[in-house]
Every structure is written in structure tokens, then in C-alpha cells.
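Presented below is the structure to which this report refers.
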Amino acid sequence: MSNWKTRTNLVHGGIRRSQYNEVSESIFLTQGFVYDNAEQAEARFVQAGDDEFIYARYGNPTVAMFEDRIALLEGAEDAFATASGMAAVNGALTSMLKAGDHVVAARALFGSCLYILEDILTRFGVEVTLVDGVDLAAWQAAVREDTKLVFFESMSNPTLEVIDIKAVSEIAHAVGALVVIDNVFSTPVFSNAIEQGADVVIYSATKHIDGQGRTLGGVILGTKEFIRGTVEPYMKHTGGSMSPFNAWVMLKGLETIDLRVRAQAVSALKLAEALDGHPKLERMIYPGLKTHAQNDLVQRQLGGKGGTVVSLDLKGGQEAAFRFLNAMEVAVISNNLGDAKSICTHPATTTHQRLPDEQKAELGITPGLVRFSVGLEDADDLIADLLKALESA
Ligand SMILES: *Cc1c(COP(=O)(O)O)cnc(C)c1O
């Protein structure tokens, strides 16, 4: 199995078959597991062996299949599946931090991640320093001897800034800090975050891994020692584990993720090329474009792939952005991403509404900004829809 290439692992990796030898993965929709006798129950509570299960909050065969398969895709030793992306972020951070620890994080973060850092961790005596993630001098200045970990989104939402994983990892490792990355926008298909230096990689599986907008899930990836020694005890006792049903949906998602995400990225590049320099646009952001300010880094870190999201900044602010959103016929207005359906979002009034205006401005979340998650529709239909909507704006 270890010699298989990615596409093969995505279809067969991690498979566990029951006595019926079913082709498709079974959903082991059970909370618990029966022991042959009392001695076996006692022994399992002392130390569960590989593929021995106790209770679904601790682990489950369907969930284990998902964990093994995503670990193969990411090139990680092990993985722990969680109830949502946020359960993964919270689990990774909270399981290893204690009062008195210092954390450095990039300022451009998903709103709920910022809440964990600024509102929760600080309540328990963790000190958090936020920096401009693309400014390597700022990371260098912020890390200290007592910095326990650094945290960032490798590609930021919604302005698609790319953070240099290798360079930040070198800065963090020099003071003995772990590198924890929220890797959603880079996608598990284009990521080689661990190879670049990341210690822990987190995904919201709700996005590209499900890929069809059905279930919530998340995953924490890292060394066997970190996942089983630090993350698992925290997650299994605090209750953020993934349900077997959701793990089954995510397994089905993994079978097609490589095909889907590559097709979405091809369309995203076509869209970006078609819209680049459009007179109704103040700015068009797509990291896969050769003209993107960080394209060198995108080449090095993501094999030149810019991901599946394009962000557009319309001239005429919120009114123009709303006219544009309301005129769209193929893409729907919603707030997920990585879905088969194209989804457009107005971050300033939805996902980032909570932020004060100065902070929005600092993060480039202008009133005219629209985030467009490219789906699996025909790219020509999407381009026609976008151009028509731009006329209405
Ligand atoms: C969606 C998202 C999350 C949260 O994931 P959920 O599955 O919604 O809990 C965290 N980080 C990023 C970058 C996301 O896009």
C-alpha cells in the first residue's frame, strides 16, 4: 500500500472489510463494541491494540478508514478526525497549550479561529501575538523562547495571501515552537505542507474533502506521537470526534477529491484570466495567475496551483457587490467553499461581519470584495454568468 500513488490511495487507502467482504466501505453506525469476555474488556481499556475499538468517541472503524486515507494523501504519519473544522482547530491548539505559553499567529484568520485565539485561549492564560503573516521580519520579531506554537492559514481567506510555510517553519523551529497550519484554501490536493516544515496540518473536511456540501467534519494530521499522545486523549475525553456516518461521506469525497479539486483549479484559472483587468473591477485576486504578487511562492509551495477560490473587488463598493451577487444565475449566494456548486460570498457583511471596520480594512476586506468558490460547472457557463453579472454591477 505504501508504494501506491495518490489516486490509488484515495480509492483504496485505509480500507477495512467486515466478514462480508463488501466493496464499498461500511458505515459502522455503532456507539460501542462487544467484548468476548470480561478479561478482554479489561485488557482493551488498559491498551487497545490496532483496530480494536472501545466506544465511538474514542474511535470507530469507518472513522479509522477516513483517518488512514487522509493521512496517506497528506503524507502524515497519523490523523484524528473531528466533528468539524473548528473542533480540529480547537483540539490541535487546546490539547497542547497551557497557561503561560506564548502563541504567534497570522492576523488574517477565519473568524472562529480568531475567536479561539483571542477570546478563549487568553482566558486560560495563553498569550497570543498576532502578526502580518506574509511579513517574515514580523514573525522573527514576535517569536520568543517561550513560544510554544505558531499558527496560520497557508492561504488566507478571503484575500488569498500565501504564507511561506518553509520560511515561517524555520523561524518557529529555531525557538523550538511547533508549526500548526490551517490548510483549507491550499487544499489537501495541492498541499505539501509537512514536506515544507509544518508539524501539524488541519483541514475543515466540510470544504473540499466532502466537496458536495453535505456534512461537517475536520481532521488533525501530524506525527503518530502527537496525534495519539496529545490530540487523541484530549479529543476522546472532550467529545469532538467525527461521527461514523460523516466519516463515510468524507471517504466517498476522498475517492474523487483529486479529480474534483484539479478540475476546479483549472476553471478558477480560466475565470481569473477572463476577468483580469475587467473595467468594473478594482482588483482581482487569484494566486495561480503569473501576475499575482506571490506567484514565485505559489510555484514553490503549491506547484503553481492557485486553489479553487477567486476573489474580486468591485468598483462601487457594497452596492455594486450586492448588484453583482444578485445578478448571478449559476453560482449561488452562500458561505461554504470547495463545493461542487459555485458559491459566492460577500465577506464584509457575512463571514467577517463581526470584525470592526479598521480590522476589515487592515485585512483587505473591502466593501466591494466578493469571494467566488469555483465549482464543477462548465467554466464557460461560469464565465458568461460572471461577465453578465459584472455588467449589472
Ligand atoms: C470553514 C473553515 C474552518 C471551519 O471549519 P468548519 O468545518 O466549518 O468547522 C476553519 N478554517 C478555515 C480556513 C475554513 O475555511
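The values are calculated or read from the model by the stated rules, or taken from the named source; none is laboratory data. The structure displayed is predicted, hence computed values, not measured ones. Backbone-built Cβ (ideal geometry, glycine too); neighbour counts: all protein chains shown. Ligands, DNA and RNA are excluded from the accessible area calculation, which covers all protein heavy atoms including side chains. Shrake-Rupley method; radii C 1.70, N 1.55, O 1.52, S 1.80 Å.
Do we have E170 as in contact (Cβ under 8 Å) with a residue 40 or more places away in the chain and of a type in the set (D, E, K, R) here?
no
Based on this model, can you work out whether F66 counts as closer than 23 Å to V219 by Cβ and in a helix (DSSP H, G or I)?
Against the criterion (closer than 23 Å to V219 by Cβ and in a helix (DSSP H, G or I)), F66 qualifies.
Yes/no matrix, rows are residues, columns are (1) within 22 Å of the chain's Cα centre (by Cα); (2) within 16 Å of the ligand (Cβ to nearest atom); (3) not assigned by TED's automatic domain parsing to the domain that holds E118:
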| residue | (1), (2), (3) |
| --- | --- |
| L289 | yes, no, yes |
| R300 | yes, no, yes |
| V309 | yes, yes, yes |
| N326 | no, no, yes |
| T350 | yes, yes, yes |
| D357 | no, no, yes |
| T366 | no, no, yes |
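Among A138, A142, A99, which is open to solvent by less than 20 Å² (accessible area, probe 1.4 Å) and more than 24 Å from A79 (Cβ to Cβ)?
A142
With the condition kept exactly as written, say whether any residue in the range 379-386 is open to solvent by 70 Å² or more (accessible area, probe 1.4 Å) and among the aliphatic types (A, V, I, L, M).
no
Rundown of residues vs (1) among the hydroxyl-bearing types (S, T, Y); (2) within 20 Å of the chain's Cα centre (by Cα); (3) part of a helix (DSSP H, G or I), yes/no style:
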residue	(1), (2), (3)
N90	no, yes, yes
S95	yes, yes, yes
L114	no, yes, yes
I120	no, no, yes
V134	no, yes, no
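Do we find that Y58 is surrounded by 13 or more Cβ atoms within 10 Å (Cβ to Cβ) and under 24 Å from E77 (Cβ atoms) in this structure?
Here the answer is yes, as Y58 does meet what is asked.
Which condition breaks for D199 when tested against (1) at pLDDT below 95; (2) closer than 30 Å to D258 by Cα?
With (1) at pLDDT below 95; (2) closer than 30 Å to D258 by Cα applied to D199, the lone miss is (1).
Within the group G222, G229, G213, G176, which residue is touching a strand residue (DSSP E or B) at 6+ places or on another chain (Cβ under 9 Å), more than 16 Å from the ligand (Cβ to nearest atom), at pLDDT 95 or above and open to solvent by 20 Å² or more (accessible area, probe 1.4 Å)?
Just a single option satisfies the conditions, and that option is G176.
Out of the helices (runs of 4 or more DSSP H) lying entirely within the range 265-364, which hold 2 or more residues that are surrounded by 16 or more Cβ atoms within 10 Å (Cβ to Cβ)?
295-302, 317-327
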